[in-house]
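Trainee: To start, I am sharing the structure in question, which I have written as structure tokens.
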Amino acid sequence: MKTVNHWIGGKTVEGASGNWGPVTDPATGAADTRVALASVEEVDAAVASAKDAYAKWGTSSLSARTAILFRYRALLDAHRDEIAALITAEHGKVHSDALGEVARGLEIVELACGITTQLKGELSTEVATRVDVSSIRQSIGVVAGITPFNFPAMVPMWMFPLAIACGNTFVLKPSEKDPSASLRLAQLATEAGLPDGVLNVLHGDKVAVDRLLEHPDVAAISFVGSTPIARHIHTTASANGKRVQALGGAKNHMLVLPDADLDAAADAAVSAAYGSAGERCMAISAVVAVGAIGDELVAKIVERAEKIKIGPGNDPASEMGPLITAAHRDKVASYVTGAAAQGSKVVLDGTGYTVEGFENGHWIGLSLLDHVPTDSDAYRDEIFGPVLCVLRVDTYEEGVALMNASPFGNGTAIFTRDGGAARRFQLEIEAGMVGVNVPIPVPVGYHSFGGWKDSLFGDHHIYGNDGIHFYTRGKVTTTRWPDPADTPSGVDLGFPRNH
């Protein structure tokens, strides 16, 4: 059986707690890998390694940091297929999706390569007689990242490249369900020349998370996951004096107006709802159809959804893979099997789906629910699977009111040909990321990613300028120097005396 161990101080450290977690191939159901689950003592060792490394890394030159990051970017590019294969093997997503994940993570590495301009300070001269004021941003110390299973490479890369570029050291606690990609990222960073202890990967469960949240030497926590856990992370870490960015769950809506290109809207709905098997926080899980277009739109979605090929992620013909675990597959299926009793029309039922030759995999087909009531479980909960809900409204105003009533505010989209309607929507909708004829509006790396309401706990979004501000703290210095002509008598600097 393959064993995934920790990466602490620039080397593999075997798990010593005696606790192990299974890592399952979602396509076969086989658990032929185990991952070490850290004890409190092992967490402390990882943090101590990061703290020791910070003594030098925190004062290292920007040019030295960026030189390493440029080499790291090249290594990641050279190994992107390898990293994608690790993602597919443990998460199950198809190889093209996994490659896309690596590419989006690389955007943040590229942003970190340009950190020299992002960390420039400000200076105001003569704010008063012979008084200058300058502002700088400095690193904060040891920071930790707790990342989810659905993007085992991309989300870590949303965190640690910026954190270390800013002069911090990092302890990463990836999901124990698919840990290998994160471990490989750390190994490549060491190969690029990153000093030992600057980036550590610690595998674990709640024991490890709770220790990181309370550890006195951890200055900040970055988290991406479900809303209940994000709320807990934010509350607990804040109570322990840490700065926190905790990104939670979502129920992303797509508003389709009567003037929209329905073919484009249907294409977008299918790719955004069922891509990566719906296991992404930016998935469109609710389409809100305005007016009389609902029936035609649903028909077009069905036509496209029925053509999606489901199979193992390493099969080039597959367009959607399995879900991460059998338990999650069963939970997702329960929303579909219970939908009719709660008032929805089940148009497509993907429960019970299997793939020949891979019958033990965590398979589920595509499901489509129409006329979904807003008080049903399928609408209220973040399902995190390939289940798309369609809701019907009569007007734009009714649609926006419905969407704004959701406790989530991560991403949203509108499909329309009317620029005025799109402009109004982007101002009136209560969500952190808005797409106009773009179903999954994930910002590019030099903007910031984050939602509103129950989709974000903390004041900073992730990556972009918000990420840099999160991983640094500001310092303002006010300086007053006497004029050299006022130098005490007996010291001649060659300046004429003013008096």
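The values are calculated or read from the model by the stated rules, or taken from the named source; none is laboratory data. The shown structure was predicted, so the numbers you read here are calculated from the model rather than taken from an experiment. Reconstructed Cβ throughout: ideal geometry from the backbone, glycine too, with neighbour counts over all protein chains shown. Please note that ligands, DNA and RNA were not included when accessible areas were found on the heavy atoms of the full protein model with its side chains. Shrake-Rupley method; radii C 1.70, N 1.55, O 1.52, S 1.80 Å.
Trainee: Every residue in the range 1-19 that is part of a loop (DSSP other than H, G, I, E, B), of a type outside the set (A, V, I, L, M), more than 12 Å from GLY204 (Cβ to Cβ) and open to solvent by 40 Å² or more (accessible area, probe 1.4 Å), please.
Mentor: GLU14, GLY18
Trainee: Something else: So GLY167 passes all but one of these: (1) under 21 Å from ASP52 (Cα atoms); (2) touching a Ser or Thr at 6+ places or on another chain (Cβ under 6 Å); (3) among the small types (Gly, Ala, Ser); (4) not in a loop (DSSP other than H, G, I, E, B). Which condition number does it fail?
Mentor: Condition (4) is where GLY167 drops out.
Trainee: Could you grab me the full set of residues in the range 45-64 that are open to solvent by 50 Å² or more (accessible area, probe 1.4 Å) and in contact (Cβ under 8 Å) with a residue 40 or more places away in the chain?
Mentor: Listed by number, the residues that qualify are LYS51, ASP52, TYR54, LYS56, THR59, LEU62, SER63.
Trainee: Go through the residues of the range 49-69 one by one and say whether even a single one is hydroxyl-bearing (Ser, Thr, Tyr), at pLDDT 95 or above and farther than 18 Å from ASN168 by Cβ.
Mentor: First, pick out the residues of the range 49-69 that are hydroxyl-bearing (Ser, Thr, Tyr): 49, 54, 59-61, 63, 66.
Now drop any that are not at pLDDT 95 or above, which leaves 49, 54, 59-61, 63, 66.
From what is left, the residues that are farther than 18 Å from ASN168 by Cβ are none.
No, every residue in the range 49-69 fails to be hydroxyl-bearing (Ser, Thr, Tyr), at pLDDT 95 or above and farther than 18 Å from ASN168 by Cβ.
Trainee: Then there is this: Being farther than 26 Å from PRO179 by Cα, out of contact with any strand residue (DSSP E or B) (no Cβ under 7 Å at 6 or more places or on another chain) and either free of Cβ contacts under 8 Å to residues at least 40 places away in the same chain or assigned to a helix (DSSP H, G or I) (or both) is true for just one of ALA341, ALA327, ALA333. Which residue is that? Explain how you work it out, then say what you get.
Mentor: On the way: ALA327 fails: farther than 26 Å from PRO179 by Cα; ALA333 fails: farther than 26 Å from PRO179 by Cα.
Just one listed residue meets the conditions, ALA341.
Trainee: Let me ask you something else. Quick one: in the range 74-94, which of the residues that are over 19 Å from the mean Cα position of the chain (by Cα) and in a helix (DSSP H, G or I) is farthest from PRO312 (Cα to Cα)?
Mentor: Among them, the one singled out is ALA74.
Trainee: Here is a list: SER271, SER285, SER276. Which entry is buried (at least 18 other Cβ atoms within 10 Å of the Cβ), of a type outside the set (Val, Ile, Thr) and in a helix (DSSP H, G or I)?
Mentor: Numbers: SER271 fails: buried (at least 18 other Cβ atoms within 10 Å of the Cβ); SER285 fails: in a helix (DSSP H, G or I).
Checking each option against the conditions leaves just SER276.
Trainee: Are any residues in the range 362-399 touching an Asp or Glu at 6+ places or on another chain (Cβ under 6 Å) and open to solvent by 10 Å² or more (accessible area, probe 1.4 Å), and if so, which ones?
Mentor: PHE384
Trainee: Could you check how many residues of the range 116-141 are surrounded by 12 or more Cβ atoms within 10 Å (Cβ to Cβ), among the polar types (S, T, N, Q) and in a loop (DSSP other than H, G, I, E, B)?
Mentor: The total comes to 0.
Trainee: Here's something else I'd like to know. Residues of the range 104-115 being more than 23 Å from GLY58 (Cβ to Cβ) and open to solvent by less than 40 Å² (accessible area, probe 1.4 Å), which ones?
Mentor: GLY105, LEU106 - these are the residues of the range 104-115 that are more than 23 Å from GLY58 (Cβ to Cβ) and open to solvent by less than 40 Å² (accessible area, probe 1.4 Å).
Trainee: Then there is this: Suppose we filter GLY352, GLY385, GLY365, GLY313 for residues that are at pLDDT below 95 and either assigned to a loop (DSSP other than H, G, I, E, B) or farther than 20 Å from HIS253 by Cβ (or both); which single one remains?
Mentor: GLY352
Residue-wise test of (1) of a type in the set (Phe, Trp, Tyr); (2) open to solvent by less than 10 Å² (accessible area, probe 1.4 Å); (3) within 17 Å of TYR471 (Cα to Cα).
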{"position": "PHE170", "(1), (2), (3)": "yes, yes, yes"}
{"position": "GLU176", "(1), (2), (3)": "no, no, no"}
{"position": "LEU188", "(1), (2), (3)": "no, yes, no"}
{"position": "ASP196", "(1), (2), (3)": "no, no, no"}
{"position": "LYS206", "(1), (2), (3)": "no, no, no"}
{"position": "ASP210", "(1), (2), (3)": "no, no, no"}
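Trainee: Taking GLY409 as the residue in question, decide whether it is under 30 Å from THR125 (Cβ atoms), open to solvent by less than 80 Å² (accessible area, probe 1.4 Å), modelled with pLDDT of 95 or more and touching a Lys or Arg at 6+ places or on another chain (Cβ under 6 Å). It would help to see each step written out before you state the result.
Mentor: Working: under 30 Å from THR125 (Cβ atoms): no; open to solvent by less than 80 Å² (accessible area, probe 1.4 Å): yes; modelled with pLDDT of 95 or more: yes; touching a Lys or Arg at 6+ places or on another chain (Cβ under 6 Å): yes.
Here the answer is no, as GLY409 does not meet what is asked.
Trainee: Now for a different question. Could you check the range 20-33 and list, in sequence order, the residues that are surrounded by 16 or more Cβ atoms within 10 Å (Cβ to Cβ) and either assigned to a strand (DSSP E or B) or modelled with pLDDT under 95 (or both)?
Mentor: Our first condition is that a residue be surrounded by 16 or more Cβ atoms within 10 Å (Cβ to Cβ); within the range 20-33, this holds for 20-21, 23-29, 33.
The answer is TRP20, GLY21, VAL23, THR33.
Trainee: (1) at pLDDT below 95; (2) closer than 25 Å to VAL171 by Cβ: which one isn't true of GLY15, the others all being true?
Mentor: (1)
Trainee: How many residues, within the range 436-464, are part of a helix (DSSP H, G or I) and open to solvent by 80 Å² or more (accessible area, probe 1.4 Å)? So that I can check it myself, show each step before the final result.
Mentor: To start, the set of residues in the range 436-464 that are part of a helix (DSSP H, G or I) comprises 464.
Applying the additional criterion that residues be open to solvent by 80 Å² or more (accessible area, probe 1.4 Å) yields none.
Of the residues in that region, 0 qualify.
Trainee: Would you pick out the residues in the range 92-125 that are touching a residue at least 60 places away in the same chain (Cβ under 8 Å), hydrophobic (A, V, I, L, M, F, W, C) and under 23 Å from ILE324 (Cβ atoms)?
Mentor: Going residue by residue through the range 92-125, those that are touching a residue at least 60 places away in the same chain (Cβ under 8 Å) are 92-95, 97-98, 104, 107-108, 110-111, 115, 118-119.
Within this subset, residues satisfying the condition of being hydrophobic (A, V, I, L, M, F, W, C) are 94, 98, 108, 111, 115, 119.
Across the range 92-125, the qualifying residues are VAL94, ALA98.
Trainee: Mind telling me which of the residues GLY352, GLY294, GLY338 ends up being open to solvent by 50 Å² or more (accessible area, probe 1.4 Å), more than 26 Å from PRO148 (Cα to Cα) and of a type outside the set (Asp, Glu)? Spell out how you get there, then give the answer.
Mentor: On the way: GLY294 fails: open to solvent by 50 Å² or more (accessible area, probe 1.4 Å); GLY338 fails: open to solvent by 50 Å² or more (accessible area, probe 1.4 Å).
None of the others qualify; the one that does is GLY352.
Trainee: Taking the range 220-259 as the region of interest, how many residues are of a type in the set (A, V, I, L, M), buried (at least 20 other Cβ atoms within 10 Å of the Cβ) and farther than 21 Å from VAL442 by Cβ?
Mentor: Within the range 220-259, the first condition is being of a type in the set (A, V, I, L, M), and the residues that meet it are 220-221, 224, 229-230, 233, 237, 239, 244, 246-247, 250, 254-257.
Those still in the list that are buried (at least 20 other Cβ atoms within 10 Å of the Cβ) too: 220-221, 224, 230, 233, 237, 244, 246-247, 250, 254-257.
From what's left, farther than 21 Å from VAL442 by Cβ: 220-221, 233, 237, 244, 257.
Of the residues in the range 220-259, 6 are of a type in the set (A, V, I, L, M), buried (at least 20 other Cβ atoms within 10 Å of the Cβ) and farther than 21 Å from VAL442 by Cβ.
Trainee: Residue under question is SER39, and the condition is that it be of a type in the set (Gly, Ala, Ser) and within 24 Å of LEU183 (Cβ to Cβ); does it hold? Steps first, answer last, please.
Mentor: Values: of a type in the set (Gly, Ala, Ser): yes; within 24 Å of LEU183 (Cβ to Cβ): yes.
Answer is yes for this residue.
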